[in-house]
Amino acid sequence: MARIAGVDLPRNKRLDIALQSIYGVGPKIADQVCRKTGIDHAKRSDALTDQDVARIREVLETQYKVEGDLRRQIALDIKRLMDLGCYRGLRHRKGLPVRGQRTHTNARTRKGPRRAAIKKKK
């Protein structure tokens with residue numbers, strides 16, 4: 001099993017699909033990595049040699065920001081917005097949708113489950 005950027009690649013999958021299990025690597029970057037390393041994208045992840053894994057690891061570390069570095073950068077970007085007190089930062093702070101979505105209905109993913117309405121006693 002190949003381990004790249006702290007992630008075990010899934011067994012017996014095509015290389016371009018297996019690389020997408022790494023945070024920050026999508027279809028486009030997976031294809032670019034395959035082209036830059038010269039490894040066939042249809043090759044199975046089980047069939048990778050140690051040299052292939054080393055080449056993939058080198059390309060990902062030098063040319064792309066993936067896994068921990070990318071997560072850290074995104075967290076710092078959100079923290080910066082919150083510290084600035086801009087509109088997007090306030091939305092992050094309150095746990096509401098940031099990109100202009102409606103909140104009267106929907107937005108349950110960001111807002112969490114509905115709270116039960118309190119009924120008046122007669």
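The values are calculated or read from the model by the stated rules, or taken from the named source; none is laboratory data. The model shown is predicted, which means the values in this text are computed figures rather than measured ones. A quick note on method: Cβ atoms are made from the backbone with ideal geometry, for glycine too, and the neighbour counts reach across all protein chains shown. Heads up: the accessible areas ignore ligands, DNA and RNA and are worked out on the full protein's heavy atoms, side chains in. Shrake-Rupley method; radii C 1.70, N 1.55, O 1.52, S 1.80 Å.
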Compute the normalised compactness of the chain: alpha-carbon radius of gyration over 2.2 N^0.38 Å, N being the residue count. 1.55
Nearest 20 debye, what's the magnitude of the dipole of the chain about its Cα centre given +1 on Lys and Arg Cβ and -1 on Asp and Glu Cβ? 1900 debye
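Heavy atoms only, 1.4 Å probe, whole protein assembly: order GLU58, GLU67 by accessible area, highest first.
GLU58, GLU67
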To the nearest 20 Debye, how big is the dipole of segment 39-101 about its Cα centre, given +1 on the beta carbon of each Lys and Arg and -1 on that of each Asp and Glu? 720 debye
Using the charge dipole of segment 7-112 (Lys, Arg: +1 at Cβ; Asp, Glu: -1 at Cβ; taken about the Cα centre), state which of VAL25, ALA42, PRO10 has its Cα farthest towards the positive end. VAL25
Find which of TYR87, ALA116, GLY68 sits farthest along the positive direction of the dipole of the chain, computed with +1 on the beta-carbon of Lys and Arg, -1 on that of Asp and Glu, about the Cα centre. ALA116
How many angstrom lie between the C-alpha centres of segment 76-106 and segment 7-47? 34 Å
Would you rank THR49, THR37, THR109 by solvent-accessible area, highest first, keeping every protein chain in place and using a 1.4 Å probe? THR109, THR49, THR37
The chain - mean residue ellipticity at 222 nm from DSSP helices (-39,500 (n - 2.57) per run, n ≥ 4, rounded to 500): -14000 deg cm²/dmol
Can you sort MET1, MET82 by solvent-accessible area, 1.4 Å probe, largest first? MET1, MET82
Probe 1.4 Å, heavy atoms of protein chains only: per residue, the accessible area of segment 47-122 in Å² is 87 Å²
What nm value, rounded to one decimal, do you get for the distance between THR109 and ASN12 when each label is placed 7 Å out toward the C-beta? 3.2 nm
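State the percentage of accessible surface on the chain attributable to carbon and sulfur atoms; use a 1.4 Å probe and exclude ligands, DNA and RNA. Mind dumping the intermediate values first?
On the way: 4610 of 9170 Å².
Taking all protein chains in place, the chain shows 50 percent carbon and sulfur surface.
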